[in-house]
Each structure stands twice: as structure tokens, then as C-alpha cells.
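Enquirer: Take a look at this one; I'll ask things after.
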Amino acid sequence: MNSLCVVPKNDNVRCLLKGILSAYALSAVFHAPTPASAFESAADLAIYSIYELLGSYDLKFLLLLVLCVCFYKLFSGARVQRPSFSCKASAALSVFFSLCLLLGRSYNEQGTWTYCFGSGVNFIKFLLALTGYSLLFREGICIAGSYLASHCFTTDAEHFFTHHAFRKSFLIILGSYLPFLLLSFPGNLCWDAIGQIEQVIGTGGYSSHHPLFHTLLMGGLIRLGQTLFHSYEAGLFVYMLLQDIMLAAALSATVAVLARRGAARRLLLCLLLIYCLVPIYSNMASTALKDVPYSAAAVGYTVCLALLLEAPELIRDLRFDLGFIALQILVILFRNNGVYVILLSGVGCFCFLYKKYDFRQKLRCAVCLFGAGVLAAELIVALLSQALDAAPGSKGEMLSVPFQQTARYLQLYGDELSADESAAIEAVLGDTEVIAASYDPDSADPVKALFHKDASLTELTAYFKAWSRGLIRHPAVYAEAFLVHIYGWFDPAVSNGIRYESDYDVIRQGGLFPNAEKLLIFYYRFTDRITLLAVFENVGAAVWALFFLSFYQKRRRLNAAFQAGLPLWISLLICMASPCFFMHPRYAFPILFTIPFMYGFTLTAK
């Protein structure tokens, strides 16, 4: 049957209804609920509620309606053959995306979920908008999945990347970053990097709050620059070159691996364009930041993991094993929570590979996937901590979510606490009134700074008992505190572009020539307003891309590629446990920098 057959008449009605709901969702304007006391009578309240529910049907709505109806008519029924993607799973994913947008808008503008659940009118508007968005996203998911499944992204013909793909890509990527590094000479600094540098060149002593290996590497090179050239700037620039080389090498490896798999030239060019043109890459490549070398190592680890899952016999290659273990060690050394990425993804992938190996291969796999790398890295960290007499990091670093929930609970219902509950909370976080006053929905740092580092396990256990009682009493408060803390990781409509602009008297900053830094800042702020480039560096968009990719992999039964995404999912969990997403999208770099490769790996699977 011709795939471009005429849409039946009953489908026209369906397309019109879908178009109305989707146009409503795209044009809906939400307001904070107006209390009933603001109206003179129940009739006034009813009239206002009807106006609020209906919205404004102006030219914008009419244009959206026409576009939505045309969209549904164009792609409905037999016009697109997509049987493998017309499924309940795509409906669930589309509803999830819609929830992210609607809840994200409410939290971004109000700090609460009042746009969705604040009143009966808002709830009805929320349901209508949710339905309209879900219909639109479901159609989009089906179209995208069908397009990817029906097109070939590999080729047998030779092209530019067929030979020496790594070398060519490395020179192109590094060449695209060097102008930005030179303009920002000797390099841009963030506050974390400044604290690490001070540990090496200052007198405050060392701390394992930041990864000691990275602190010594960066701070050591800066001090070496001062020793050899009487210039801290020279040392920082050398470190920046090393950081750029690591990132360029990791990204070039993704191109080389895909080229070896027979990827088409257009696919590899897309990857290179993303790596070279999307501002977040050159921005972070010219910023001293532990997350950049960490992400480079995480990209390399994910690439090796994907190759091993697809070709389990690689475990017998000693060179592969040693390189794989070395990357795991770097992941852990460059970021303290990197150990969770290696351990959890390693255990998950070991279970996937378990039946494919005999006993000796299982043992070798366990050693390569997480055993040797974790043990070696933890030994190095312990030796460095002992040698430098480094102060241990805070045990409260991964407790941002419960601390935020406690603070919000204390603001609203602090008078309900029993004496024992107050004592348990104060033993861990201090005075309850101070905790409540320190609550900031956008960041857990103010409350987390109150954590008593010497709190014992018994005191922490008592705190969590008090925390759980609050959860039982007011689960909605805990749910809101959690959602307002993490919504930015899932909402592409939230801008989370990043540009560190920290002052540090010890090292001169400002760029290669006067006002060079202002030129760079203008460039990054300007490109953040160009939709396509902004989408590729938006964390919420990257997380949506991860969800869609996993859905596509499961539908296509690409189990090895699906399992290879484990490090990205674990990184997302770490993001959710982090202090916030504003100014901290760097926590999602392992997702942002790896997702282009994961799409290429999936689309070139045999």
C-alpha cells in the first residue's frame, strides 16, 4: 500500500482535537492561584475561573492551531510507517517529558508546584496542557524513532575519516579550542580551582574535599611555572594545555571508534561540528576545572565499556584491559564521586556479561570492570591523603536532598517537632531556626554549610529518624523540596549555561590583550541565545536525549548499547544529589560530552 495514502475523514476530526489540545498546551499561560477572599461573591470567582481556564484565543493560538493540525494530518495514520514505535512506552515517555516542562515552569517561576496543583482551575489547565504536550511529544518520538530505524548511518565507501581518524579529529578539535585558550590567556578560573591552587601555593593545608590528585596536578604545574619562569600564569597555561589535550583526545577517540565501525561521513561530521562549535566545549576547555579532565576520562571509560559489552572477547586483550583500568583510575582520581560511577556501572555490566564467560574470564572481567581500578585508585588517594595530612571531606556532601527537605519542613512546620526530633536535627545541622532561615530553593550549599563534620554515626541515625517522621507527617513538603532541587536537570526550558568569572589576585586574568575576556564573555552570552547551539549545551535537553536514546535502544533490542549508558545514568543520579543545577551543570558533563558518541555507537550497531 502507498505510504502516502489519504487520511480517512474520522482521522480529520482526531487531528483537529489533537491540534486544539496541543495549541492550548503551547499557548497556555499559568498564574499563581488567586484566593477566594479576593472576590466579592461566588459568582465573581466562577466567572474569573472560567476566564482563567479558557485562556486567550488570539492570533498566536490560531497560528499554533493551524500548525498543530497540519502536523498531525501530515504524520497521522498510514502516512508514516512506524509500527515498532507506536507503543505504550512512547506514551509514557511523552507524558514524562510533558511533566518535566510543566512542573519545571511552575518551579522556575514560583518555586512551588502551584501552576499544576495550586487550585482546581490550575489543575484542570495542567491536565489539558499535559494531554496536549503528551500528544505532541508522542508523535515526535514516533517520527524520530522511525527515521533513525529506517536510515543507514554506515558506509563501505572510503572518506576523509577512513584512515587516521583519531589524528585528524584531534588536530581539528584542538585547533578549534586553542584560539579561545589564547584569548583567555592564561586561562579562566572558577572558585573551586582557586581553592585547590591555594592548597598548593598557600599555607592553609590540604583537604580531600576536592580530588587531591587533581589539586596536586594543577597546583603543582602552577607552582612549577613560578619556580622556572617566575610566573604563575605560565604554569596555569601549561595546565590548561594539558587539560585541552585530554578533552580533545577523548572526543577524538569517539570519532575514531565510530570511523572504525564504518560510520558514514555525515555522522562523523555532525560529531565534529558539535565538539567544535557548541560553546560549552571551548568554554570549559579554557577554564581550569576538575570536571573537564574528569569528563574526558569518563568519556574514554564509556567508550571502552561500550566496546566490551558489544564484543565480550575484548577481555582477552591485555592492552585493552590495561587501558580500561587506567581510565577507571583517572575517573576516580579526578573526581571524588567517580568511584560510584565505576563501581555501579561495573557491577551492572558484569551481570550483563556474566553468562558470556567461563570462570577464568568472569574473574578477569570482574578485575577489569571495577576491581583493579577501584582498588588502585583508592590506594593512591589514601597514600596522598596520608602523605599530605589532608583534612577529610565532609560526610554531608551527598546529603543535599535530605538537608533541603529538613530546612523546608522547618520553615513550614517547625513548631510540630518534638524535643527529641529538634535535638536530633541540631546535633547534625545546628539551631533549627538558623536552618530554616538558611533554606534556599536554588542551592543546598547554605544549609549544607551548617553540617557538623564531627557528627557521629549515632547522631546521623537519629537525624534520619527525625527526617523520616517529618516525611510521614508532610510528604508533600518533602516532594516539593526534592522537585525544586532537581527540576533543572530535566527541563530543557531552563537555561543553565555556564561561564565562570572569578577574580583571583595571585594569577593575572583578563585575556591575551585588554578586553579580550569581555570579547569572550560577549561571544558565550550571544551564542547562548542561538537556539540550536543553546540546545546542544542545555543539560535538560541532554537528559531528554538520554531518555529517548534508551527508549530507542530497548525498542531495537540493542542491549549492549543500552547497558553502555549506565555511567550516564549514574552521573544523572549524582547530579540529582548535588547542591543545585544553577551554575553547577558541570556535574552533567559526563552526560553532555558522551551523548553524541552514544547516539553514533547506537546508530552504527551491526
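Enquirer: One residue is enough: does the stretch 81-90 have a residue meeting the conditions at pLDDT 90 or above, buried (at least 16 other Cβ atoms within 10 Å of the Cβ) and part of a helix (DSSP H, G or I)? Please lay out each step first, then the result.
Expert: So in the stretch 81-90, the residues at pLDDT 90 or above come out as none.
No.
Enquirer: Right, next: I'd like to verify a number: residues in the stretch 245-277 that are out of contact with any helix residue (DSSP H, G or I) (no Cβ under 8 Å at 6 or more places or on another chain) and part of a helix (DSSP H, G or I), how many? Break it down stepwise before answering.
Expert: So in the stretch 245-277, the residues out of contact with any helix residue (DSSP H, G or I) (no Cβ under 8 Å at 6 or more places or on another chain) come out as 262, 264-266, 269, 273.
Filter again for part of a helix (DSSP H, G or I), leaving 265-266, 269, 273.
The total comes to 4.
Enquirer: For the stretch 43-62, name all the residues that are surrounded by fewer than 12 Cβ atoms within 10 Å (Cβ to Cβ) and either at positive phi or at pLDDT 80 or above (or both). If you could, list the steps in order and put the result at the bottom.
Expert: Step one: of the stretch 43-62, the residues surrounded by fewer than 12 Cβ atoms within 10 Å (Cβ to Cβ) are 43, 46, 50-51, 54, 56, 58-59.
Passing the criteria: 43, 46, 50, 59.
Enquirer: Are any residues in the stretch 424-444 in a helix (DSSP H, G or I) and either under 18 Å from residue 396 (Cα atoms) or outside the structural domain of residue 461 (by TED's automatic domain parsing) (or both), and if so, which ones? Before the answer, list the steps.
Expert: First pass over the stretch 424-444, keeping only residues in a helix (DSSP H, G or I): 424-429, 432-438.
424, 425, 426, 427, 428, 429, 432, 434, 435, 436, 438 - these are the residues of the stretch 424-444 that are in a helix (DSSP H, G or I) and either under 18 Å from residue 396 (Cα atoms) or outside the structural domain of residue 461 (by TED's automatic domain parsing) (or both).
Enquirer: Scan (1) in the same structural domain as residue 333 (by TED's automatic domain parsing); (2) touching a residue at least 12 places away in the same chain (Cβ under 8 Å) for the single condition residue 470 breaks and write down its number.
Expert: Evaluating residue 470 over (1) in the same structural domain as residue 333 (by TED's automatic domain parsing); (2) touching a residue at least 12 places away in the same chain (Cβ under 8 Å) leaves (1) as the failure.
Enquirer: On to the next question. Need pairs with beta-carbon distance below 9 Å; first residue in contact (Cβ under 8 Å) with a residue 40 or more places away in the chain and within the stretch 41-53, second in a helix (DSSP H, G or I) and charged (D, E, K, R); sequence gap 6+ or separate chains.
Expert: Sorted first by the residue in the stretch 41-53, then by its partner, the pairs are 52/125; 53/125.
Enquirer: Can you name the residue in the stretch 447-458 that is assigned to a helix (DSSP H, G or I) and at pLDDT 90 or above and is also nearest to residue 192 (Cα to Cα) among such residues? Before you say what the answer is, go through the steps one by one.
Expert: Within the stretch 447-458, the subset assigned to a helix (DSSP H, G or I) is 447-448, 457-458.
Then drop every residue that is not at pLDDT 90 or above, which leaves 447, 458.
Numbers: 447: 19, 458: 32 Å.
Only one residue tops the list, namely 447.
Enquirer: Can you tell me which residue in the stretch 156-196 is farthest from residue 512 (Cα to Cα), limited to those that are in contact with a Lys or Arg (Cβ under 7 Å, 6 or more places away or on another chain) and surrounded by fewer than 16 Cβ atoms within 10 Å (Cβ to Cβ)?
Expert: Only one residue tops the list, namely 159.
Enquirer: Answer yes or no: is there a residue in the stretch 394-414 that is modelled with pLDDT of 90 or more, over 22 Å from residue 476 (Cα atoms), of a type in the set (A, V, I, L, M, F, W, C) and part of a helix (DSSP H, G or I).
Expert: There is no residue in the stretch 394-414 that is modelled with pLDDT of 90 or more, over 22 Å from residue 476 (Cα atoms), of a type in the set (A, V, I, L, M, F, W, C) and part of a helix (DSSP H, G or I).
Enquirer: For the stretch 145-155, what are the residues that are crowded, with 17+ Cβ neighbours inside 10 Å and either part of a helix (DSSP H, G or I) or not hydrophobic (A, V, I, L, M, F, W, C) (or both)? Lay out the reasoning, then the answer.
Expert: Quick first cut of the stretch 145-155, residues crowded, with 17+ Cβ neighbours inside 10 Å only: 145-146, 148, 153.
Residues satisfying the conditions are 145, 146, 148.
Enquirer: Let me ask something else. Restricting attention to the stretch 495-510, does a residue exist that is surrounded by 17 or more Cβ atoms within 10 Å (Cβ to Cβ), among the aliphatic types (A, V, I, L, M) and over 26 Å from the mean Cα position of the chain (by Cα)?
Expert: Within the stretch 495-510, one or more residues are surrounded by 17 or more Cβ atoms within 10 Å (Cβ to Cβ), among the aliphatic types (A, V, I, L, M) and over 26 Å from the mean Cα position of the chain (by Cα).
Enquirer: So which residues in the stretch 260-285 are among the aliphatic types (A, V, I, L, M) and either closer than 22 Å to residue 244 by Cβ or touching a His at 6+ places or on another chain (Cβ under 7 Å) (or both), if there are any at all?
Expert: So in the stretch 260-285, the residues among the aliphatic types (A, V, I, L, M) come out as 263-264, 267-269, 271-274, 277-278, 280, 284-285.
Within the stretch 260-285, 268, 269, 271, 272, 273, 274, 277, 278, 280, 284, 285 qualify.
Enquirer: To continue, here is another question. Can you tell me which residue among 355, 362 is within 24 Å of residue 562 (Cβ to Cβ), loosely packed, with under 15 Cβ neighbours inside 10 Å, free of Cβ contacts under 8 Å to residues at least 40 places away in the same chain and not β-branched (Val, Ile, Thr)? Can you show your working first?
Expert: Working: 362 fails: loosely packed, with under 15 Cβ neighbours inside 10 Å.
The conditions single out 355.
Enquirer: Next question. Looking at the stretch 524-540, which of its residues are touching a helix residue (DSSP H, G or I) at 6+ places or on another chain (Cβ under 6 Å) and β-branched (Val, Ile, Thr)?
Expert: Answer for the stretch 524-540, where residues must be touching a helix residue (DSSP H, G or I) at 6+ places or on another chain (Cβ under 6 Å) and β-branched (Val, Ile, Thr): 527, 535, 539.
Enquirer: Another question, if that's okay. So residue 225 clears everything in (1) under 24 Å from the mean Cα position of the chain (by Cα); (2) small (Gly, Ala, Ser); (3) farther than 28 Å from residue 522 by Cα except one condition, right? Which one?
Expert: Residue 225 satisfies every listed condition except (1).
Enquirer: Among the residues of the stretch 283-292, is any of a type outside the set (Lys, Arg), at negative phi and surrounded by fewer than 20 Cβ atoms within 10 Å (Cβ to Cβ)?
Expert: We begin by selecting, within the stretch 283-292, every residue of a type outside the set (Lys, Arg); these are 283-289, 291-292.
Still in the list and also at negative phi: 283-289, 291-292.
Next, only the ones that are surrounded by fewer than 20 Cβ atoms within 10 Å (Cβ to Cβ) stay: none.
No, every residue in the stretch 283-292 fails to be of a type outside the set (Lys, Arg), at negative phi and surrounded by fewer than 20 Cβ atoms within 10 Å (Cβ to Cβ).
Enquirer: If you go through the stretch 458-497 one residue at a time, how many are of a type in the set (S, T, N, Q) and either touching a strand residue (DSSP E or B) at 6+ places or on another chain (Cβ under 9 Å) or within 22 Å of residue 98 (Cα to Cα) (or both)?
Expert: Taking the stretch 458-497 as the starting set, the residues that turn out to be of a type in the set (S, T, N, Q) are 458, 461, 468, 495-496.
If we keep only those that are either touching a strand residue (DSSP E or B) at 6+ places or on another chain (Cβ under 9 Å) or within 22 Å of residue 98 (Cα to Cα) (or both) as well, we get 495-496.
Summing the residues that are of a type in the set (S, T, N, Q) and either touching a strand residue (DSSP E or B) at 6+ places or on another chain (Cβ under 9 Å) or within 22 Å of residue 98 (Cα to Cα) (or both) in the stretch 458-497 gives 2.
Enquirer: Right, next: Applying the selection to the stretch 528-557, what residues are over 20 Å from residue 488 (Cβ atoms) and assigned to a helix (DSSP H, G or I)?
Expert: Filtering the stretch 528-557 for residues over 20 Å from residue 488 (Cβ atoms) gives 530, 532, 549-557.
Matches in the stretch 528-557: 532, 549, 550, 551, 552, 553, 554, 555.
Enquirer: Does residue 375 fit the bill of being among the hydrophobic types (A, V, I, L, M, F, W, C), farther than 23 Å from residue 454 by Cβ and assigned by TED's automatic domain parsing to the domain that holds residue 209?
Expert: On the way: among the hydrophobic types (A, V, I, L, M, F, W, C): yes; farther than 23 Å from residue 454 by Cβ: yes; assigned by TED's automatic domain parsing to the domain that holds residue 209: yes.
Here the answer is yes, as residue 375 does meet what is asked.
Enquirer: List every residue pair whose Cβ atoms lie under 6 Å apart, where the two residues are 6 or more positions apart in sequence or sit on different chains, the first residue falls within the stretch 278-295 and is more than 13 Å from residue 585 (Cα to Cα), and the second residue, located anywhere, is among the acidic types (Asp, Glu) and modelled with pLDDT under 90.
Expert: From the stretch 278-295, the pairs are 278/537.
Enquirer: Further question: Could you list all residues from the stretch 338-370 that are part of a helix (DSSP H, G or I), more than 24 Å from residue 295 (Cβ to Cβ) and not aromatic (Phe, Trp, Tyr)?
Expert: 351, 353, 355, 356, 360, 361, 362, 363, 364, 365, 366, 367, listed by residue number.
The values are calculated or read from the model by the stated rules, or taken from the named source; none is laboratory data. Just so you know, these numbers come straight off a predicted model, no measurement behind them. Cβ coordinates were reconstructed from backbone atoms using ideal geometry, including for glycine residues, and neighbour counts include every protein chain displayed.
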